[in-house]
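The values are calculated or read from the model by the stated rules, or taken from the named source; none is laboratory data. Predicted, not measured: the structure shown is a model, and the values here were computed from it. Virtual Cβ from ideal backbone geometry, glycine too; neighbours counted across all protein chains shown. We work out accessible area using only protein heavy atoms, side chains counted, and drop any ligands, DNA or RNA first. Shrake-Rupley method; radii C 1.70, N 1.55, O 1.52, S 1.80 Å.
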Amino acid sequence: MRISVDPDKCTGHSRCSAIAPTLFDTDDYGLSTAVADDIPSEMEAVARRAVLNCPEQAISILDD
Amino acid sequence: MDQPYVDVADWATDYDLFHPDYGNKGPEIWDDLRQRCPVAQSSRWGGSHLVTRYEDVSAVYSNWEVFSSRDVTVGIRDGLMDLLPLGALPAEADPPLHSWTRRMILPWFSSTRVADYEESVRTLCRGLIDGIVDAGGADLAHDYARQIPVRVISKILAIHEGDIDEFCEWVKVLASTQDEPEVFNAAILALVSYLGDVIEERRVRPGDDLISYLLHETHDGQPIHADVLNGLTIFVLSAGIETTWSSISSALWHLATHPDDRHRLVADPTLLPDAIEEFLRFYAPIMSARIANEDTTINGCPIDADAKVVLSIPSANRDPEFFPDADRVIIDRQINPHITFGKGIHRCAGSNLARMELRVAIEEWLARVPEFELAPGVSVNWTSGMARGPFSVPVVLK
């Protein structure tokens, strides 16, 4: 499973990095990026949670 | 407040955001409006439309080209425009002014920076709790929640220790008198003039505070204009204080009145991060407004150019079309994309700070006082206006 954050949609709520700190990096302006290239299977549930908690719907699951 | 209010016969056509019923019966009013008239209308307080569904509030937030932020509140403005011709920045600006002023202050409220403030908030909370425990009870709104954010912001602006009490007083007046022009204008004048002195002092003796930093910032190679500086400073104050204290008060009110949730959180503090998001969703402390740049529609309702649109975040967050069991606080809710901090380019710049203050305030309180309840026989009123929270949370400790 891979995920990505759309930089045009992310406005820095930082919900993703709070839920899954190992999967997302947030810069000084709040912009998040997905850091893991391939999400380990035991992290998939938490990754999905991060996706669903984003108020901007800025995170997509690229492949399952 | 003493002035008489004209009662509202129908909230769909004549709502009054400053009527005491709007604070006390908010949730019922929103439930009714979401079903019956999701874009309500009123001529009170200069006239506006009130948007109550999640989908519509989201759509307006995301469309800054059509819905301008040049006025984001309802209530008094007259005294304000002379003092702050650009408004509170970046909240009351559209791009491009919004974009560069926002970029200037965001690093001060980043998650890394906020982590640095955490220990001092913890110490502050512990000191306040000591006093309350000694007294055996307190009004947690006044004696705890309202003491926290103003002191955190004072630290970021490096307000002198000796001035903090007076400074807090002005901020409280601003928060509670948006429907009382004379009192409000006097307080804002006092505050702007005080901050003017602080700015002059920092020019001469800079420190490591936000004001000194802004004085050294440039835009297009020029130092930033005094109106921008004032706009940013007033914004940090006005946006970061009443909202956060209302959230802390609401969460404590909830815990005082819902022993099951309280017991669960005390038994398992790892639930706290989810509980905090749920308190933020259910007790969203603030609404925002926009001005239509052109004739447009919201959910099919015509909105004229220059009309004001009030976005009820608290109502959107309780929209059953969007959140299952929206009318219940579920402290371990797993899917909770609430919009308490807004949405789009104006996402609350202080959201990391507000979350940390709320979490630490609740964490410290529960660690020290796991058992407490509302003082017997009291009835708690909720504030009306743009911000909502309990006026008081009188508790007895057990």
Task: From the options B:346, B:263, residue that is farther than 26 Å from residue B:116 by Cα and either at pLDDT 95 or above or surrounded by fewer than 21 Cβ atoms within 10 Å (Cβ to Cβ) (or both) - done: B:263
Task: strands (runs of 3 or more DSSP E) (entirely within chain A) containing at least 1 residues that are exposed (fewer than 14 other Cβ atoms within 10 Å of the Cβ) - done: A:2-5, A:59-63
- [ ] Output the qualifying pairs, or none if there are none: Cβ atoms under 7 angstrom, residues six or more apart or on different chains, first residue in the stretch B:270-283 and under 10 Å from residue B:359 (Cβ atoms), second residue open to solvent by 20 Å² or more (accessible area, probe 1.4 Å).
- [x] B:272/B:359; B:272/B:363; B:273/A:18; B:276/B:355; B:276/B:359
Task: Residue tally, condition among the small types (Gly, Ala, Ser), farther than 14 Å from residue B:361 by Cβ and exposed (fewer than 15 other Cβ atoms within 10 Å of the Cβ), over the stretch B:81-134 - done: 3
Task: Within the stretch B:135-151, considering residues that are within 27 Å of residue B:239 (Cα to Cα) and of a type outside the set (A, V, I, L, M), the one surrounded by the most Cβ atoms within 10 Å (Cβ to Cβ) - done: B:149
Open item on the list: Can you find, within the stretch B:215-239, the residue that is modelled with the lowest pLDDT among those that are open to solvent by 20 Å² or more (accessible area, probe 1.4 Å) and under 12 Å from the mean Cα position of the chain (by Cα)?
Closed with: B:238
Open item on the list: Can you pull out every residue in the stretch B:293-322 that is more than 14 Å from chain A (Cβ to nearest Cβ), small (Gly, Ala, Ser) and surrounded by 22 or more Cβ atoms within 10 Å (Cβ to Cβ)?
Closed with: B:312, B:315
Task: Which numbered condition residue B:286 misses (of (1) under 25 Å from residue B:351 (Cβ atoms); (2) open to solvent by less than 40 Å² (accessible area, probe 1.4 Å)) - done: (2)
Open item on the list: Checking the structure you have, find out if any residue of the stretch A:35-44 is touching a residue at least 40 places away in the same chain (Cβ under 8 Å) and either within 14 Å of chain B (Cβ to nearest Cβ) or of a type outside the set (Ser, Thr, Tyr) (or both).
Closed with: yes
- [ ] Kindly establish whether residue B:154 is more than 14 Å from every other protein chain (Cβ to nearest Cβ), surrounded by 16 or more Cβ atoms within 10 Å (Cβ to Cβ) and small (Gly, Ala, Ser).
- [x] yes
- [ ] Would you point out which residue out of B:339, B:362, B:330 is open to solvent by 10 Å² or more (accessible area, probe 1.4 Å) and either assigned to a helix (DSSP H, G or I) or of a type in the set (Val, Ile, Thr) (or both)?
- [x] B:330
Open item on the list: Condition first: of a type in the set (Val, Ile, Thr) and either within 16 Å of residue B:383 (Cα to Cα) or over 19 Å from the mean Cα position of the chain (by Cα) (or both). Now tell me which residues in the stretch B:167-197 satisfy that.
Closed with: B:171, B:173, B:177, B:183, B:192
